[in-house]
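**Student:** Handing you this structure, nothing more for now.
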Amino acid sequence: MKVELLAITPDAERLIESAGRTAYRSFDRQAPGSEKKFIRMIVRNGHESVLEHAYATFRISGISRACSHQLVRHRLCAITQQSQRYVSEDDFPAVEPTSIAENEEAHALYSTYLAQTRKTYKALADLGVRREDARFVLPNATETEMVVSANMREWRHIVGLRGSRGAQWEIRALAIALLRVFQEQVPTVFCDFEIDEEQQVVRRVEV
């Protein structure tokens with residue numbers, strides 16, 4: 001899995017403060033560093049609509065279609081995904097769950113299945129079947145690439161939901177990878193999130 005930050009709103013936290021202070025007509029309280037206290041107050045009080053003024057765009061690759069199917073359910077995101085209709089999936093790379101990779105018999109079955117699927121895909125293409133139809137044999141394990149844009153409020157929702165203990169392992173790993181970037185770029189916006197390194201989950205904390 002690779003998570004690459006392509007773009008983020010310049011001075012995002014300052015912008016959020018400036019937008020938020022419009023509601024209170026409190027521009028006179030802006031000062032160097034004041035955005036941190038202001039955003040903490042917003043987060044603590046649940047007034048997260050102000051966070052929608054800042055955006056981030058990521059290129060996400062090396063995830064399975066099973067993972068991307070979960071991510072595209074977040075309808076407030078703008079998403080562009082690698083097309084299986086126009087891009088050949090000959091020798092498609094696939095994600096293998098640890099539970100399969102660490103089980104010798106399961107890994108053998110999985111590898112055999114993927115090899116047969118690749119052969120079937122190629123055989124269909126050789127018969128003149130178009131990619132848009134040959135893709136019907138491709139598994140959820142097939143790797144994909146996507147560019148995803150969203151505002152900070154939506155990213156907080158995604159990270160909190162998909163990083164929780166109950167989330168599927170792959171999208172949970174994605175949520176953690178995203179949070180690491182946000183903790184570097186806009187730490188105050190995500191001040192109430194932390195990564196439990198031992199459990200590999202995202203937790204909410206008091207601010």
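The values are calculated or read from the model by the stated rules, or taken from the named source; none is laboratory data. Everything numeric in this text was worked out from a predicted model, so none of it was measured. Counting neighbours? That spans all protein chains shown, and the Cβs are built from the backbone with ideal geometry, glycine included. Side chains are part of the model used for accessible areas, which takes the heavy atoms of the whole protein and leaves out ligands, DNA and RNA. Shrake-Rupley method; radii C 1.70, N 1.55, O 1.52, S 1.80 Å.
**Student:** Considering the stretch 46-63 alone, what residues qualify as being surrounded by 15 or more Cβ atoms within 10 Å (Cβ to Cβ), small (Gly, Ala, Ser) and outside any strand (DSSP E or B)?
**Tutor:** Correct list: 54 only.
**Student:** Give the residue that is most open to solvent (accessible area, probe 1.4 Å), with candidates limited to residues of the stretch 1-33 that are among the charged types (D, E, K, R) and assigned to a strand (DSSP E or B).
**Tutor:** At the first step, the residues of the stretch 1-33 found to be among the charged types (D, E, K, R) are 2, 4, 11, 13-14, 17, 21, 25, 28-29.
Next, from what is left, pick out any that are assigned to a strand (DSSP E or B): 2, 4.
Numbers: 2: 121, 4: 74 Å².
Among residues in the stretch 1-33 that are among the charged types (D, E, K, R) and assigned to a strand (DSSP E or B), the one most open to solvent (accessible area, probe 1.4 Å) is 2.
**Student:** Considering the stretch 172-193 alone, what residues qualify as being open to solvent by less than 40 Å² (accessible area, probe 1.4 Å) and closer than 17 Å to residue 57 by Cβ? Talk me through it step by step, then tell me what you get.
**Tutor:** Restricting attention to the stretch 172-193, the residues satisfying the condition of being open to solvent by less than 40 Å² (accessible area, probe 1.4 Å) are 174-179, 181-182, 186, 188-193.
Result: 174, 175, 177, 178, 179, 181, 182, 186, 189, 190.
**Student:** Something else now. What number of residues within the stretch 149-171 are under 17 Å from residue 65 (Cα atoms) and either surrounded by 21 or more Cβ atoms within 10 Å (Cβ to Cβ) or in contact with an Asp or Glu (Cβ under 6 Å, 6 or more places away or on another chain) (or both)? Spell out how you get there, then give the answer.
**Tutor:** Here is the first cut: in the stretch 149-171, the residues under 17 Å from residue 65 (Cα atoms) are 162, 167-171.
Going one step further and asking which of them are either surrounded by 21 or more Cβ atoms within 10 Å (Cβ to Cβ) or in contact with an Asp or Glu (Cβ under 6 Å, 6 or more places away or on another chain) (or both), we end up with 162, 171.
The total comes to 2.
**Student:** Test residue 205 against the stated conditions and say whether it is of a type in the set (A, V, I, L, M) and in contact with a helix residue (DSSP H, G or I) (Cβ under 9 Å, 6 or more places away or on another chain). Break it down stepwise before answering.
**Tutor:** Working: of a type in the set (A, V, I, L, M): yes; in contact with a helix residue (DSSP H, G or I) (Cβ under 9 Å, 6 or more places away or on another chain): no.
Judged against the criteria, residue 205 is not a match.
**Student:** Here's a follow-up. For the stretch 173-201, name all the residues that are aliphatic (A, V, I, L, M) and either in contact with a Lys or Arg (Cβ under 6 Å, 6 or more places away or on another chain) or modelled with pLDDT under 95 (or both).
**Tutor:** Keep residues of the stretch 173-201 that are aliphatic (A, V, I, L, M), which gives 173-179, 181, 186, 189, 195, 201.
Within the stretch 173-201, 175, 201 meet the criteria.
**Student:** Something else about it: When the stretch 87-140 is examined, which residues are found to be among the polar types (S, T, N, Q) and buried (at least 16 other Cβ atoms within 10 Å of the Cβ)? Lay out the reasoning, then the answer.
**Tutor:** Step one: filter the stretch 87-140 for residues among the polar types (S, T, N, Q), giving 88, 98-99, 103, 111-112, 116-117, 120, 140.
Of everything in the stretch 87-140, just one residue is among the polar types (S, T, N, Q) and buried (at least 16 other Cβ atoms within 10 Å of the Cβ), namely 117.
**Student:** Report yes if residue 66 is open to solvent by 30 Å² or more (accessible area, probe 1.4 Å), under 18 Å from residue 3 (Cβ atoms), at pLDDT 95 or above and outside any strand (DSSP E or B), otherwise no. Steps first, please.
**Tutor:** Values: open to solvent by 30 Å² or more (accessible area, probe 1.4 Å): yes; under 18 Å from residue 3 (Cβ atoms): yes; at pLDDT 95 or above: yes; outside any strand (DSSP E or B): yes.
In short, yes.
**Student:** Which ones in the stretch 71-112 are of a type in the set (Gly, Ala, Ser) and touching a residue at least 12 places away in the same chain (Cβ under 8 Å)?
**Tutor:** The first filter runs over the stretch 71-112 and keeps only residues of a type in the set (Gly, Ala, Ser), leaving 78, 83, 88, 94, 99, 101, 106, 108, 111.
Of everything in the stretch 71-112, those that are of a type in the set (Gly, Ala, Ser) and touching a residue at least 12 places away in the same chain (Cβ under 8 Å) turn out to be 78, 88, 94.
**Student:** Output the residues belonging to the stretch 1-17 that are touching a helix residue (DSSP H, G or I) at 6+ places or on another chain (Cβ under 8 Å) and under 20 Å from residue 48 (Cβ atoms). Write out each step before concluding.
**Tutor:** First, pick out the residues of the stretch 1-17 that are touching a helix residue (DSSP H, G or I) at 6+ places or on another chain (Cβ under 8 Å): 1, 3, 5, 8-9, 12-17.
Result: 8, 9, 12, 13, 14, 15, 16, 17.
**Student:** Another one. Could you please give the count of residues in the stretch 77-86 that are of a type in the set (Ser, Thr, Tyr) and open to solvent by less than 60 Å² (accessible area, probe 1.4 Å)? If you could, list the steps in order and put the result at the bottom.
**Tutor:** Within the stretch 77-86, the subset of a type in the set (Ser, Thr, Tyr) is 80, 83, 86.
When the remaining residues are screened for being open to solvent by less than 60 Å² (accessible area, probe 1.4 Å), the result is 83.
Of the residues in the stretch 77-86, 1 are of a type in the set (Ser, Thr, Tyr) and open to solvent by less than 60 Å² (accessible area, probe 1.4 Å).
**Student:** Just for strands (runs of 3 or more DSSP E) wholly inside the stretch 114-207: which have at least 3 residues that are within 28 Å of residue 16 (Cα to Cα) and without any contact (Cβ under 8 Å) to a residue 40 or more places away in the chain?
**Tutor:** Numbers: elements: 143-151, 193-196, 201-204.
Of the strands (runs of 3 or more DSSP E) lying wholly inside the stretch 114-207, those with at least 3 residues that are within 28 Å of residue 16 (Cα to Cα) and without any contact (Cβ under 8 Å) to a residue 40 or more places away in the chain span 193-196.
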